[in-house]
Amino acid sequence: IQFSSLHGASYHNASLRGFRRNIEVAKDNAMRSLNHLSIKSQLIAMLLGVSSFSILVTAYLGFQSGQANLTNRVFSQLTSVRASKAYQIKSYFKTIRNHTETLSEDPAVITAMQDFSAAYHQLESVKISPELDRQLGTYYQQEFLPRLGKDNQESPVLESYLPQAIASRYLQYQYIAHNPNPVGKKHLLNKAQDGSRYSQLHAQYHPIFRRLIEKFGYYDMFLIDPQGTVVYTVFKETDFTTSFNTGAYKASNLARLTLQVQQAKAKDFSQLIDFEGYGPSYGAPAAFIAAPIFNQSRLIGVLAFQLPVDEINNVMTGNRQWERDGLGQSGETYLVGRDYLMRSVSRFLEQDPEGYIKALYQVGTSDTTVKRIQQYKTSILQQSVRTKGAEAALRGQQGTQILDDYRGIPVLSSYAPLQLEGMDWVILSEIDLSEAYAPIYAFTRQVLISATLLMLLLTLGAMALAYWFIKPIQHLIDSARAVKAGERNLIVPLNAGDEFGELVQSFNTLIERLHQQAELIAVKNREHEQILRSIFPAAIAKRVKQGETAIAEDIANVAILFADVAGFSSLSASLQAPEIVQLLNEIFTLFDEAAERFGMEKLKTVGDSYMAICGLSIPYLDHDKRAISLGLELQSAMRRFNHERGFQLNLQIGINSGDVVAGIVGRNRLMYDVWGNTVALAGQLKDHCPPGEILVSESVYSRLQDLYDFEVWLDSEEVPHPTLKAWRIKTIPSASRQQR
């Protein structure tokens, strides 16, 4: 084995040496072939080579730059559309919530709830004929159960869905089975001809409630008594007069929502529940909102609305005007729930159902899912969207990236969580990569055509230039040949060597001097820029470098942090001046590093006081949270510093957020500073802060009270400042609370 290994190694080395010799031979042959070419041919080859390389590099850089710019532009547009749709959908749900809460307090609704509940219970002792039960069962068997069974693997059992209460069966017969209107239009009947008190109330209230849901776009309206019985609905589906406690729909999302609202026992309260398949609607996706109905302090029922899917889709699709929203031929904005299923209808199902179904089969969607989509004519709760964008958004992230969508097609996607109370949804805005990059593809084709034509022109130009350039060289060659032939007294009219050598030497000297000057200028520029950046924030330093002198502006939504090193004054009394400066330099260096990590900028230091600001150069939505995080980090850094150096220093930190005025003051010695009530209040908080604590203003507290544990520290009655209120951070938040 050892001999075989050595023999194999020797063979490998011999093969490698042979390969190298072949490369050297090929290289020598290529050089000899090049040397055998005339100068004219070499010059043409070099001109064509350089020109071709330049064209290709320019085209490549143009393509890359165009692609990057186009991608950024499309991502910006998608993000803008996504943010707009998110705002619209949140506003829509807020309107629905306010409307539901308002109606639940309306005297007419309160009276209707009491009247319908009393009238329903009056019918509990009514006598039902066998014929009535038979006709009600016939309706279920011929109308309801066959429609419901289309989506079930097993046939539904009649006894499981027929209501058991006498009043329920009686009213379902009068308003559903005996209703002359077809399925889907049962709500057109205002009054059953049975002479009951319930029918009299129905004739009084039903036209009003029917117009209400038609005007506001709701699918249905429910009045549910405290025992969980649906004593009234507008649309008259099979949930009418059933019980959510014992009936066939006790596991439905509306039944769970009713129980949540009843258990809340709070006024000015409403609750949403996510889409689920709803049995009375034949398994179609349904979402609901509900609010309690109180008569003074007594809970008398629940008001619920079935949310309109069409209205949500109108918001997400811009009333199916995708192109008007800037989404082109293939862009769409849609909602996805925690279960990775759609909460709005796919654009492609709306525009091209056949192509959409074909795409689903191509990505391996099951026949059952496709049939449900075709049956309900919606992708809500049917279309799975387990893409990278949806997964990232459901983790609480927002961003943009190129990925494959739920059809398996590459798209540019912008995604973000949707902050909607009661709904764990995310929103995505996407457009097909092929459509987004169509301009760059057209540009590429045009570049290839133009490059081909340009190469032909360059070939002709190179031949002409080579002929013109080679004439004096050819004369020099002829003179050299004459000298070589023995003509000693020949005066060569073109001393190419001396002239080209001097030209090259002069040019190289000039280039070298220019290079030295450029390096010197670059060094001075870097020094100048470093000085500016040490004095001003990055954005202000850039403007000063560009020549701006009068810089003054109003800046909204910034966070100010003041920090005093408590105990430093007494410590400095026992130190020499160099030691004091060195100690402050070490402390403020730690502060600067922490501020940079949290996206804050040091504005200035005065003695042992440190001031930092967030949102000045770069706006942040969480500027006040970053300031608190920095304050906590500064306290940790000071504790580590004390432990390492044996000091007893501490920090007094005040934090406020709001609007400031910023600008440069001074003429000979410039200084960038900020002013305003926001700055003044942060300084006051710092002054009133005990060592080792962090005090925040009322505005910071109101925004972050769900993320941190605060306690009231200063109140307007305790200090001479009538507007000064302060909260102390009690504990550092846990990871779970920060995530929430």
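Yes/no matrix, rows are residues, columns are (1) surrounded by 12 or more Cβ atoms within 10 Å (Cβ to Cβ); (2) assigned to a strand (DSSP E or B); (3) within 33 Å of the chain's Cα centre (by Cα):
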residue: HIS643; (1), (2), (3): no, no, no
residue: ASN656; (1), (2), (3): yes, yes, yes
residue: VAL661; (1), (2), (3): yes, yes, yes
residue: ILE664; (1), (2), (3): yes, yes, no
residue: VAL674; (1), (2), (3): yes, yes, yes
residue: VAL679; (1), (2), (3): yes, no, yes
Lone qualifier among GLU124, GLU105 - being surrounded by 13 or more Cβ atoms within 10 Å (Cβ to Cβ) and at negative phi: GLU105
When you scan segment 258-276, do you find a residue that is under 18 Å from THR378 (Cβ atoms), touching a helix residue (DSSP H, G or I) at 6+ places or on another chain (Cβ under 9 Å), open to solvent by 10 Å² or more (accessible area, probe 1.4 Å) and not hydrophobic (A, V, I, L, M, F, W, C), even just one? yes
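Is it true that SER129 is of a type in the set (Gly, Ala, Ser) and loosely packed, with under 14 Cβ neighbours inside 10 Å?
yes
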Subset of segment 218-236, residues open to solvent by less than 20 Å² (accessible area, probe 1.4 Å), touching a residue at least 60 places away in the same chain (Cβ under 8 Å) and of a type outside the set (Phe, Trp, Tyr), comes to ASP220, MET221, LEU223, ILE224, ASP225, THR229, VAL231, LYS236
What are the residues in segment 261-275 that are within 10 Å of LEU307 (Cβ to Cβ) and either touching a Pro at 6+ places or on another chain (Cβ under 7 Å) or among the small types (Gly, Ala, Ser) (or both), if any? PHE275
Residue selected from segment 406-422 under the condition under 19 Å from GLN88 (Cβ atoms) and touching a Leu at 6+ places or on another chain (Cβ under 6 Å), by the criterion least open to solvent (accessible area, probe 1.4 Å): SER414
Taking VAL109, is it in contact with a Phe, Trp or Tyr (Cβ under 6 Å, 6 or more places away or on another chain) and among the β-branched types (Val, Ile, Thr)? no
With the structure loaded, tell me whether ILE300 is surrounded by fewer than 21 Cβ atoms within 10 Å (Cβ to Cβ) and closer than 30 Å to ASN245 by Cβ or whether it fails that test. yes
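Taking SER346, is it hydroxyl-bearing (Ser, Thr, Tyr) and open to solvent by less than 10 Å² (accessible area, probe 1.4 Å)?
In short, yes.
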I need the full set of residues from segment 365-387 which are more than 18 Å from TYR282 (Cα to Cα) and surrounded by 14 or more Cβ atoms within 10 Å (Cβ to Cβ), in order please. THR365, GLN383, SER384, VAL385, THR387
Filter segment 88-102 down to the residues that are open to solvent by 30 Å² or more (accessible area, probe 1.4 Å) and touching a helix residue (DSSP H, G or I) at 6+ places or on another chain (Cβ under 8 Å) and list them by number. GLN88, TYR92, HIS99
If I ask for residues that are open to solvent by 30 Å² or more (accessible area, probe 1.4 Å) and touching a residue at least 12 places away in the same chain (Cβ under 8 Å), which ones from segment 354-364 would you list? GLN362, VAL363
Filtering segment 583-617 down to residues that are closer than 23 Å to ASP554 by Cβ, surrounded by fewer than 20 Cβ atoms within 10 Å (Cβ to Cβ) and modelled with pLDDT of 90 or more yields GLY599
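The values are calculated or read from the model by the stated rules, or taken from the named source; none is laboratory data. Because the structure is predicted, anything quoted here is derived from the model rather than measured. Every residue, glycine among them, receives a Cβ derived from its backbone with ideal geometry; neighbour counts consider all protein chains shown. To get the accessible areas, we keep the full protein, side chains included, count just its heavy atoms, and leave off ligands, DNA and RNA. Shrake-Rupley method; radii C 1.70, N 1.55, O 1.52, S 1.80 Å.
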